[in-house]
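The values are calculated or read from the model by the stated rules, or taken from the named source; none is laboratory data. Note that the coordinates shown come from a computational prediction; the quantities given were computed from them, not determined experimentally. With ideal geometry, Cβ positions are generated from the backbone for all residues, glycine too; neighbour counts draw on all protein chains shown.
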Amino acid sequence: MEVLNYQQLAAVKCDTTSRLYNIGKTTGLKLITDNKDFQALAQIFERSNLSKDQIVEAGEKANVILYRGKETDVLNTMRHQRFQEMLAKRLYS
């Protein structure tokens, strides 16, 4: 297992990181240690020569993995679906 650097830990464990809909910080920490695709995406953020579009694309792919989506899933659709599921649970429980 690769040792995590400070930036990687901060991205998934920092107390000021906003929480995704019903996805805890431990999910990200588990993915960064177990999921090779997520690890590769985390390393992208360490590069200094990337364009804004490349950073956004990597972030969206990382979030799709956090939402347990497929590579072809669209992040905004997944977020909306997760929000609707959470809202339905609160309204009907």
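Only residues that are assigned to a helix (DSSP H, G or I) and in contact (Cβ under 8 Å) with a residue 40 or more places away in the chain were counted across region 32-71, and they come to 2. The set of residues in region 44-53 that are modelled with pLDDT of 85 or more and either of a type in the set (D, E) or surrounded by 14 or more Cβ atoms within 10 Å (Cβ to Cβ) (or both) comprises I44, L50, D53.
Put simply, of V64, V56 the only residue that is surrounded by fewer than 12 Cβ atoms within 10 Å (Cβ to Cβ), among the hydrophobic types (A, V, I, L, M, F, W, C), within 15 Å of the chain's Cα centre (by Cα) and modelled with pLDDT of 85 or more is V56. Whether any residue in region 9-29 is buried (at least 16 other Cβ atoms within 10 Å of the Cβ), modelled with pLDDT of 85 or more and among the hydrophobic types (A, V, I, L, M, F, W, C) is what I want to check. There is no residue in region 9-29 that is buried (at least 16 other Cβ atoms within 10 Å of the Cβ), modelled with pLDDT of 85 or more and among the hydrophobic types (A, V, I, L, M, F, W, C).
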